[in-house]
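Bear in mind these aren't lab numbers, they're just calculated from the coordinates by the rules spelled out. These numbers come from a predicted model, not from an experiment. Glycine also receives a Cβ, built like all others from the backbone with ideal geometry; neighbour counts cover every protein chain displayed.
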């Protein structure tokens with residue numbers, strides 16, 4: 001298992017307001033932590049909350065740009081009789097979670 005990425009970014013009032021509009025509730029988190037395994041790219045993604053329609057709300061950031069994104073769920077499933085779904089977004093870098 002690869003180490004988890006340790007990158008994080010503060011959530012500004014504007015980002016928290018955008019998240020609240022998507023979810024209908026106030027966004028309690030003040031900091032987003034990257035949900036990916038350790039990676040060389042400086043694009044980071046933090047899972048925020050599941051939405052309807054097989055999508056989830058993610059925070060993505062790169063350098064000084066941070067945005068809220070609705071991304072489709074990764075369609076990959078694990079092997080076995082009760083396969084678990086990957087917890088990341090479609091076309092994510094690195095291994096499935």
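For region 8-72, what relative contact order do you get, as a whole percent, if you take Cα pairs closer than 8 Å and at least 6 residues apart?
Relative CO of region 8-72 lands at 24 percent.
Zone of residue 41 (label point 7 Å along Cα→Cβ, backbone N under 17 Å): which residues in region 49-92? Inside the label zone: 58-76, 87-92. The angle between the Cα long axis of helix 13-23 and the longest principal axis of the Cα atoms of the chain comes to about 50 degrees, rounded to the nearest 10.
The calculated 222 nm mean residue ellipticity attributable to helices in the chain amounts to -3500 deg cm²/dmol, summing -39500 (n - 2.57) over DSSP H runs of n ≥ 4 and dividing by all residues. For 65, 38, the sequence from fewest to most other C-beta atoms within 10 Å is 65, 38. At full extension, residue 63 and residue 77 could sit 1.9 nm farther apart than now, given 0.36 nm per residue minus the alpha carbon distance.
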